[in-house]
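The values are calculated or read from the model by the stated rules, or taken from the named source; none is laboratory data. A quick note: this is a predicted structure, and the numbers were derived from the prediction, not measured. Virtual Cβ from ideal backbone geometry, glycine too; neighbours counted across all protein chains shown. All accessible areas refer to the heavy atoms of the entire protein, side chains included, with ligands and DNA or RNA removed. Shrake-Rupley method; radii C 1.70, N 1.55, O 1.52, S 1.80 Å.
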Amino acid sequence: METIVQHGDKTVLVLGATGQQGGSVAHALNAKGWRVKALVRDVHSSKASAMSANGIDTVRGDFTDMQSINIAMAGSYGVFSVQPSSGQGVAYGVTDDDEIRYGKAVADMAAANRVHHLVYSSANAAGPNPTGVGHFDTKSVIEAHIRGLKIMHTIVRPSAFMEILMLPGMGIDKGVFTFFMRPNQYMQFIAVADIGNIVAEIFARPTKYDAQTIEIASDSVTGSELADKFSKAAGFPITYERFSDTLLEKNAFLSNLARLVDHGRLAGNADLDALKSKFPELLTIDAWLASSGSAALKAAIHAKNTDVSLR
Ligand SMILES: NC(=O)c1ccc[n+]([C@@H]2O[C@H](COP(=O)([O-])OP(=O)(O)OC[C@H]3O[C@@H](n4cnc5c(N)ncnc54)[C@H](OP(=O)(O)O)[C@@H]3O)[C@@H](O)[C@H]2O)c1
């Protein structure tokens, strides 16, 4: 039977709270009246201070000091778990082994602390068969570990974020947007804001989502459709091309991702109709471009002559 949690007195510990996913989840839970404890590495950072000003408790913790996370978790009803990955390059200096160790340890601690509901954020390419891409296969290992624990849990597998479309170097400034899919191939994307709203709904209905693995996305578009949407929002013509063979030949990281998009795995297989009925607030690309994506689009238009920063 589906139970809706009376959550006013319940605390969710949100990891990665100064980041995209954790920030979105902390914001959505806070807006819906949950008590949120945001795990941050620096309680004095501007992002941590902004969260405190919004009524979110911040608590210091670091994956490299698991005891700090254990202390932060004590008494929490729920935990939102997300880890940085090797796919983010040098940003966090995390190896695939680190990511697996952190993700498993958080789940073990949640079970040991008798946390009621663990929500783990994976990625859409994760699954039973390896992809050959380190930072996706890490997530499959963490997922399997969580499924083996005695804890109520839900695994979400987000598609590529809409936000990455606006990373510098993709050519929007030159009027030629380049990305992974073929011009007429569909790829799914999720607005980071939707991750928070979906996860908040999952925490509100734990029995409905217990032991489920849900691939999540907000919209599905072809390369050519994206270019049309970007042109309309930017006010000047933008065409679409797949990343060039020359670029893919010299960049093994991008080439591996392109291979997974070609095979469909990274293009996404979320059931958008089912998601829309469960989570009606999902943002289409158009709606995202008209809201939080607007500033990102303006920045991309003015980011002149940069290399592809996706790595
Ligand atoms: N980009 C995509 O399209 C996409 C799609 C699906 C899945 N993913 C996955 O999403 C994950 C990243 O999530 P995100 O984009 O939300 O991350 P993000 O915005 O880069 O933020 C990373 C967060 O992790 C925190 N962090 C870094 N090192 C830490 C440590 N040693 N201890 C504690 N916290 C630490 C950061 O805190 P500080 O502020 O202190 O640095 C920050 O809050 C990756 O695993 C990636 O593979 C990405």
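In units of the rule-of-thumb radius 2.2 N^0.38 Å, region 1-123 shows an alpha carbon radius of gyration of 1.02. Calculated [222 nm] ellipticity per residue, helices only, for the chain: -12000 deg cm²/dmol; basis is -39500 (n - 2.57) per DSSP H run with n ≥ 4, divided by all residues, nearest 500. Distance between the C-alpha centres of region 200-226 and region 245-311: 16 Å, rounded to the whole angstrom. Comparing Gly132, Gly61, Gly175 in a Gaussian network model of the chain where C-alpha atoms under 10 Å apart are linked, the largest mean-square fluctuation is found at Gly132.
Rounded to the nearest angstrom and listed largest first, the equivalent-ellipsoid semi-axes of the chain from its Cα gyration tensor are 32, 21, 19.
Cα-based values for region 130-190, radius of gyration first and Dmax second, are 16.4, 52 Å. Rolling a 1.4 angstrom probe over the chain with all protein chains present gives an accessible area of which 52% lies on carbon and sulfur atoms. Within the listed set Asn113, Asn197, Asn54, the residue fluctuating most in the Gaussian network model of the chain (springs between alpha-carbon atoms under 10 angstrom) is Asn54. Structure remark: mean-square fluctuation, Gaussian network model of the chain, C-alpha springs under 10 Å; the largest value among Ala204, Ala110, Ala17 belongs to Ala204.
Holding the Cα-Cα limit at 23 Å, pick out from Lys229/Lys304; Lys10/Lys208; Lys174/Lys232; Lys150/Lys208; Lys32/Lys278; Lys10/Lys150 the pairs that are longer than that. Could you put the intermediate results ahead of the total?
Details: Lys229/Lys304 21 Å; Lys10/Lys208 18 Å; Lys174/Lys232 15 Å; Lys150/Lys208 17 Å; Lys32/Lys278 17 Å; Lys10/Lys150 20 Å.
Pairs exceeding 23 Å: none.
Over the chain, what is the relative contact order in whole percent, taking alpha-carbon pairs under 8 Å and six or more residues apart?
Working: 596 pairs, mean separation 58.5, N = 311.
Normalised by residue count, the contact order of the chain is 19 percent.
For the peptides 260-266, 274-280, what is the packing order when you average, over each peptide's residues, the other Cβ atoms within 10 Å and list the highest mean first?
Working: 260-266: 17.3, 274-280: 13.7.
Per-residue Cβ counts within 10 Å, averaged per peptide and sorted highest first, yield 260-266, 274-280.
Could you compute how fast region 193-278 diffuses translationally, taking Rh as the Kirkwood radius over C-alpha pairs and applying Stokes-Einstein at 20 °C with viscosity 1.002 mPa s? Give it in µm² per second. Please report the intermediate quantities before stating the final value.
Numbers: Rh = 15.9 Å.
Answer from the Stokes-Einstein relation: 135 µm²/s.
For region 1-126, averaging the sequence separation of C-alpha pairs within contact (under 8 Å, six or more residues apart) and dividing by the residue count gives a relative contact order of 23 percent.
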